[in-house]
Amino acid sequence: GGGGRAVQGGLDPLRAACHPTLRLFRRCRSRRAETSWALGSPSSSSYQIAVAEMSLGSVSEATMAKRVAIGGGMAAGRWAEELVKLGDSQGAMIISAYPEGMVPYDRTLLSKELLDADAAVLRSKDGFPALKTEAGDVMDAAWYAANGITILFGTTCEDVKLESSELVLRSTAAPDTTTTVGFEQLVIATGSRPRTLGVGEAPPFAAPGLWHDDLKAQVLSTEEEKGLEDHEVNYQHWEIEGAEKYGFGSVHTLRDVGDCEKLVRALMRPEEDGQETCFDPVVIVGGGLLTSEVVSSLIKYCPDLPLLVVFPSDMLYPHLFSQHENIAQVYERQMTKNGVKIARGYEAVRLWGVDEVGSFPTLDGPATSLQATRPRTFTEAQPQFKQSRGVVLKASDGEQVWLGARLTILALGAEPSTGLVSGALETDEASGAIKVDASCATSWQNVWAIGDCAAMPHPAQDSASLHWPHAEAAATMARVAAGSMVAAVGEGDATAAVASLEATVPHMSSKFLDLSWNFYGVTEGEPVLVGDTHAVGTIRLFAVFWVVSNTIVGVFLEGGTPEQVAMLPKIATEKPKIINAKKLKKASLEALLKDPHMLTPPELGVGEFLAELDVDEVLLAFRKVHPDSKGRVKTGQLGEIMTELGADWDEEELGEAEQAMDPTGSGSVNYETFKSWWMN
């Protein structure tokens, strides 16, 4: 097609049989726009054959792919799903560093069900959290193969050559050689890497951003499965090289199933014969969503392990509740009543090395207010501690404390993985993520970016970008990019896809022990609390609304019925107008969740204003001007009071009001006189 020559000689009969839907064409550099595709019927290969065939070895040098996604995570999976829905998935390719058969999966479960060692989700073929379609179909390797989508497992992208539209790929099975693959369209879905700490003076250790060199996982063949009982059939056979280092003193992040497998093994590791009992807690460093979910899961699945959480700020969820400490305390109380200790306002500066001995202050005291102790003497760590013996923290006054840890979990956030295109694509200055437009297109033609590595247009600020590294944002961006890519080659209309991203509002949610919350919108402007955070003996129901220029732009809800929760995206999308924040604070939350526009002010005619008639607000405004000992204010101060209550009068109208309230010209007016006149 278009002068291209089919590469048939490079495919052996097995490969040709496994890929009837995909014919790789050599690039026609002189007539790139006319490259075409020969597509056949979907493959019916078995699961094992489909998996075995999806490797870099099945791709010939200098071949051309129609659409390529770099990254094997959730975003790439949702992108593939949307291409299938659009009927244009044939010839798509996903570059995945994950081992064979480890298809895109639901990463949101890492801090939840996957921490249950007894459930063994990671070790069950039926339980592995592969993504599912809207219809409920499991998106396993056979699903991708049947829809003409090739996943190159165990493959890393070494270089992205945007000028020539080529990728340089390397297989973990053959690390000494590379293969070059051309592309017509590219979507970058490289995710992010967690922030870490260093040991002693060393720089932060590099968390696995692709896959774990010390973790081997392989799908069992049909023959191997035949020799096992049903309950023994493993989806993955896991081997950890140097497994003894994951236990006492190990340091963990939580970005993929490999991290999860290591953490579960470390949590379950018992003391060895002759080892002193370890009374140090499991230490979780961070104050965000991941921290609360990990703590909730460990309370549930590891109830006998002591837990200690280090908040870099003074509270949990500081990005949500910086001005409402009492709300953060609702969730913190859930921790402390389950025995979790909290260290507030400490920055984790480094890991405590296993060979670091001496006299150091540590932390001790009540669960909610740990305090620095006098220096204590620490001798050599027990030999079972391989990576660290805890973390070194710095208080706001600069003083450091040494905190011992059975093991340490770092939940310090993550940074977008954009190194492959560093300097080549426009990035968001604040986050470093790749900047995309409403179609998820980057600054380079025929290149899109989705998921944690991308920053989408800000829903509330023109020309600004928003980096929102959450699963739902990744899924939305994936659908938009797929629609835009199909439309870009004249095979569809991207209008609906673009509109869906423009209408998208950031969202995150969490179930925290017996509490459950949802957030939609942005955390900008004034946060207004509505409801009671101290309700006892009832189902908790309270909300925070973020208000900018008397417009609601974000909403957080604890509890609520399904119908009430369903109103949240409507509120964040429609951005209801309100009279003022005071009215919002006093409103009924139940009524607001039925009619979010109940506080929208009426349209005013010429000379009209909206008067505040709440007697509490009237009294408050009167007291603001400091009445004298007899409770009277000067007549000349009435204008200030009435302006506070919404009046918008000219000098003549103000004079008439003063004359009405002080007809004798005494020069002062008491509150009852003012209230009676104002209210009537």
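Would you please name the residue that is nearest to the chain's Cα centre (by Cα), looking only at residues in the stretch 260-301 that are among the acidic types (D, E) and open to solvent by 10 Å² or more (accessible area, probe 1.4 Å)?
E293
If you check V528, V486, which single one turns out to be at pLDDT 90 or above, under 29 Å from S549 (Cα atoms) and crowded, with 19+ Cβ neighbours inside 10 Å?
So the residue among V528, V486 that is at pLDDT 90 or above, under 29 Å from S549 (Cα atoms) and crowded, with 19+ Cβ neighbours inside 10 Å is V528.
Filter the stretch 446-478 down to the residues that are at pLDDT 90 or above, under 15 Å from G77 (Cβ atoms) and out of contact with any Ser or Thr (no Cβ under 7 Å at 6 or more places or on another chain) and list them by number.
Once the filter is applied, which keeps residues that are at pLDDT 90 or above, under 15 Å from G77 (Cβ atoms) and out of contact with any Ser or Thr (no Cβ under 7 Å at 6 or more places or on another chain), the stretch 446-478 yields I450, G451, A474, A475, M477, A478.
Among the residues in the stretch 251-269, are any out of contact with any Gly (no Cβ under 7 Å at 6 or more places or on another chain), acidic (D, E), modelled with pLDDT of 80 or more and over 27 Å from W402 (Cα atoms)?
Yes, because at least one residue in the stretch 251-269 is out of contact with any Gly (no Cβ under 7 Å at 6 or more places or on another chain), acidic (D, E), modelled with pLDDT of 80 or more and over 27 Å from W402 (Cα atoms).
Keeping to the stretch 549-565, report how many residues are more than 21 Å from T533 (Cα to Cα) and of a type in the set (A, V, I, L, M).
Adding up the residues that qualify gives 1.
If we only count helices (runs of 4 or more DSSP H) wholly inside the stretch 524-609, which ones have 1 or more residues that are within 19 Å of F512 (Cβ to Cβ)?
562-574
So L393 fits all but one of (1) out of contact with any Gly (no Cβ under 7 Å at 6 or more places or on another chain); (2) open to solvent by less than 50 Å² (accessible area, probe 1.4 Å); (3) assigned to a loop (DSSP other than H, G, I, E, B); what number is the exception?
(3)
Would you pick out the residues in the stretch 618-637 that are open to solvent by 100 Å² or more (accessible area, probe 1.4 Å), at pLDDT 85 or above and not in a helix (DSSP H, G or I)?
The answer is K634, and nothing else.
Determine if the stretch 197-215 includes at least one residue that is open to solvent by 20 Å² or more (accessible area, probe 1.4 Å), acidic (D, E) and in a strand (DSSP E or B).
no
Kindly indicate the residue of the stretch 588-617 that is closer than 23 Å to M642 by Cα and at pLDDT 90 or above and also surrounded by the fewest Cβ atoms within 10 Å (Cβ to Cβ) among those meeting that condition.
T600
Of the residues G154, G72, which is touching a Ser or Thr at 6+ places or on another chain (Cβ under 6 Å), open to solvent by less than 20 Å² (accessible area, probe 1.4 Å), farther than 16 Å from L186 by Cβ and modelled with pLDDT under 95?
After ruling out the rest, the residue left standing is G154.
Taking only the stretch 497-525 into account, find how many residues are among the small types (G, A, S), modelled with pLDDT under 80 and surrounded by fewer than 19 Cβ atoms within 10 Å (Cβ to Cβ).
3
Residue check, L403 against (1) open to solvent by 70 Å² or more (accessible area, probe 1.4 Å); (2) of a type outside the set (S, T, Y); (3) not in a loop (DSSP other than H, G, I, E, B), all met but one. Which one?
Every listed condition holds for L403 apart from (1).
Restricting to the stretch 292-321, what's the tally of residues that are without any contact (Cβ under 8 Å) to a residue 40 or more places away in the chain and of a type in the set (S, T, N, Q)?
1
Give just the number: which of (1) assigned to a loop (DSSP other than H, G, I, E, B); (2) at pLDDT 90 or above does A343 not satisfy?
Status for A343: all satisfied but (1).
Would you check which residues across the stretch 302-317 are hydroxyl-bearing (S, T, Y) and surrounded by fewer than 20 Cβ atoms within 10 Å (Cβ to Cβ) and list them?
S313
How many residues are over 17 Å from G71 (Cα atoms), part of a loop (DSSP other than H, G, I, E, B) and open to solvent by 50 Å² or more (accessible area, probe 1.4 Å) if we restrict to the stretch 428-471?
So the count comes out to 9.
Out of all the residues in the stretch 653-680, which are open to solvent by 60 Å² or more (accessible area, probe 1.4 Å) and within 57 Å of the chain's Cα centre (by Cα)?
Of everything in the stretch 653-680, those that are open to solvent by 60 Å² or more (accessible area, probe 1.4 Å) and within 57 Å of the chain's Cα centre (by Cα) turn out to be E653, E672, S676, W677, M679, N680.
Can you tell me which residue in the stretch 348-386 is surrounded by the most Cβ atoms within 10 Å (Cβ to Cβ), limited to those that are at pLDDT 90 or above and hydroxyl-bearing (S, T, Y)?
Checking each candidate, the answer is T362.
Can you go through A328, A343, A348 and tell me which one is within 19 Å of F545 (Cα to Cα) and of a type outside the set (F, W, Y)?
Among A328, A343, A348, only A328 is within 19 Å of F545 (Cα to Cα) and of a type outside the set (F, W, Y).
Would you call M661 at pLDDT 90 or above and closer than 21 Å to N680 by Cα?
Yes.
Here are L557, L529, L593, L584: which of them is under 21 Å from I327 (Cα atoms) and in contact with a His (Cβ under 8 Å, 6 or more places away or on another chain)?
Exactly one residue qualifies, and that residue is L529.
How many residues, within the stretch 133-151, are open to solvent by 20 Å² or more (accessible area, probe 1.4 Å) and in a strand (DSSP E or B)?
1
The values are calculated or read from the model by the stated rules, or taken from the named source; none is laboratory data. Since the model is a prediction, treat every value here as computed from it, not as a measurement. In this analysis, Cβ positions are derived from the backbone assuming ideal geometry, glycine residues included, and neighbour counts consider all displayed protein chains. These accessible areas exclude ligands, DNA and RNA; they are computed on the full protein's heavy atoms, side chains included. Shrake-Rupley method; radii C 1.70, N 1.55, O 1.52, S 1.80 Å.
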